[in-house]
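The values are calculated or read from the model by the stated rules, or taken from the named source; none is laboratory data. Owing to the predicted nature of the structure, the values given are computational and were not obtained by experimental measurement. Using ideal geometry, Cβ is built from the backbone for each residue, glycine included, and neighbour counts are taken over all protein chains shown. The protein model used for the area step is the full one, side chains on, heavy atoms only, and it has no ligands, DNA or RNA in it. Shrake-Rupley method; radii C 1.70, N 1.55, O 1.52, S 1.80 Å.
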Amino acid sequence: MEDFDILIIGSGVAGYHALKELGNAKVAMVTSDKYLPYDRPPLSKEYMRGEKKREELFFEGEEAYKNVNVKLNTEVKMLRQGEAELSTGEVLGFKKAIIATGGTPRRLSLSGGELRGVHYLRSLEDADSIKEDAGKSKNVVIIGGGFIGMEVAASLTSLGLSTTVIEVKPYIWNTFVDERTSKFIQSYFEKKGVKFILNESVKEISGKDKVERVTTEGGKGIDADMVLIAVGIRPNIELAQRSGISTENGIIVNEFLETSMRNVYAAGDVANIPYMGKRLRIEHWNNAEYTGRLAGKNASGNTEKYDFLSSVWSDIFDMHIESAGETYGYDQEIVRGKMENNSFNLIYVKGGVIVGYLSVNRDFEELNTLNELIKRTVEVKGKEGKIEDEQFNLSSLLS
Ligand SMILES: Cc1cc2nc3c(=O)[nH]c(=O)nc-3n(C[C@H](O)[C@H](O)[C@H](O)COP(=O)(O)OP(=O)(O)OC[C@H]3O[C@@H](n4cnc5c(N)ncnc54)[C@H](O)[C@@H]3O)c2cc1C
């Protein structure tokens, strides 16, 4: 059995950034991915549209891993105190381990769900197979109007496919924005040619040996050469469960990202983290990077607490969207900028303080100021009119 100082499980955003904090430690990175660490956000955006090359997806070249024992295409099956059993049968010894196993797209058990041309998207292979199919297709149906579904809808529409989004709830992006904002985004998509079927679930996907049609429970039939099912992810907690580590909507960690097993940390989409009196399981790139680094630092001997305002971005057509904090359950919404000009910030206020925002095509200075205002819980009661006014310098609220 070979012994390591640190074992990293998973090579996504969190696993990769954990590695960057480990200095000269003897490290093994075991991952079920086929490739060295690469970035996922471009898979639904620039890479799907052919604007980014495959080699540009990788965080670093092979050279960067020359002192790391990287085992690709390999799963960690079980952790026991200081030992990891791999899918190859090999056992590795470790002093500290970081679980960064991310998530897997939720499957829909639909009749026809296994037909050729039905896709899910998480990995580079998934993106390659969607791209390949898109090149031969005219009509695509996307099941799920969340982030990934809408990004792929935008990318495939840009590539010339006729795109229909089916969403079971009354409006798209429903876990994230209110109905009014959702309708604004929807009408933007509609102007680009995307069609929507809302408030309906899918009954079946049909076709001889590949996808030909999608039928909704309400009886609508849509011709389709390919289908993307994008209905969220579930955290990859099986390893933790098998190993007796506490889980509940992810792997339960404390503020230092320590799991219930001594010397084992968790980071990224899989971690369920305590913060400001709540438990958060966040599926954002920024949070995966931050927690990956934090787990790396703490596994190296630090005792730093989680303290982070996570934010998420998305690119759809020519809209760059950024959001942080709470985007629902607020008392008041302040609109800074103009929705019709495609440059605005919806700023959410609760109890007299800014708790979150959703911005479209705004500059980073404004976003950084808003992040600070949220973190510092600055009182803005009576200043709503000023905040609305684009001439008003938001950063003056910080002093
Ligand atoms: C297409 C796409 C677009 C996205 N766009 C955005 C965006 O625009 N903005 C944003 O904020 N976020 C975006 N995200 C989300 C963001 O990419 C994730 O939050 C981030 O990848 C999470 O990183 P992670 O390291 O926790 O997990 P992952 O990146 O999922 O990595 C998990 C790793 O663990 C491995 N693994 C799993 N189980 C095991 C096991 N038992 N043994 C060994 N290895 C294992 C996997 O193979 C993988 O390498 C996007 C995600 C996708 C899929």
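Of note:
- Ranked by how many other beta carbons lie within 10 Å on average, peptides 172-180, 385-393 from highest: 172-180, 385-393
- The residues of the chain expose on average 45 square angstrom of accessible surface per residue, using a 1.4 Å probe on protein heavy atoms.
- For the listed residue pairs Lys66/Lys131; Lys338/Lys386; Lys169/Lys338; Lys53/Lys131; Lys183/Lys381, the alpha carbons are over 20 angstrom apart in Lys66/Lys131; Lys169/Lys338; Lys183/Lys381.
- Taken along the Cα-to-beta-carbon direction at a fixed 7 Å, the label points for Glu55 and Lys210 span 3.0 nm.
- Just so you know, the Rg over Rh for the chain is 0.99, from Cα atoms, with Rh as the Kirkwood radius.
- Reducing region 130-208 and region 233-282 to their Cα centroids gives an inter-centroid distance of 32 Å.
- Here's the list of aspartates and glutamates a cross-link from Lys210 could span, going by alpha-carbon distance under 14 Å and ignoring same-chain residues fewer than 8 apart: Glu114, Asp133, Asp223, Asp225.
- Full extension of the chain segment joining Met339 with Val91 gains 83.6 nm, where the gain is 0.36 nm per residue of separation less the Cα-Cα distance.
- Relative compactness, region 80-223, computed as alpha-carbon Rg over 2.2 N^0.38 Å: 1.31
- Counting DSSP beta bridges with both ends in the chain, the antiparallel % (nearest 5): 55 percent
- Projected over every direction and averaged, the convex hull enclosing the alpha-carbon atoms of region 1-137 yields 9.8 nm².
- Top of Glu283, Glu322, Glu51 by mean-square fluctuation, Gaussian network on the chain, Cα under 10 Å: Glu51
- Within straight-line reach of Lys34, meaning a Cα separation under 16 Å, sit the following lysines at least 8 residues removed in sequence or on another chain: Lys71.
- Put simply, when 40-47, 4-11, 61-68, 336-343 are sorted by average Cβ atoms within 10 angstrom per residue, most first, you get 4-11, 40-47, 336-343, 61-68.
- 14 Å tail of the calculated P(r), region 252-317, as % of Cα pairs: 53 percent
- Once both labels are positioned 7 Å from their Cα atoms along Cα-to-Cβ, the gap between Glu388 and Thr175 label points is 3.3 nm.
- Here the accessible area of the chain is 46 percent carbon and sulfur, with a 1.4 angstrom probe and all protein chains present.
- Among 188-200, 19-31, the order from most to least packed when residues are scored by Cβ within 10 Å on average: 19-31, 188-200
- Residue separation of Lys183 and Glu2 scaled by 0.36 nm, minus their Cα-Cα distance, works out to 59.5 nm of gained length.
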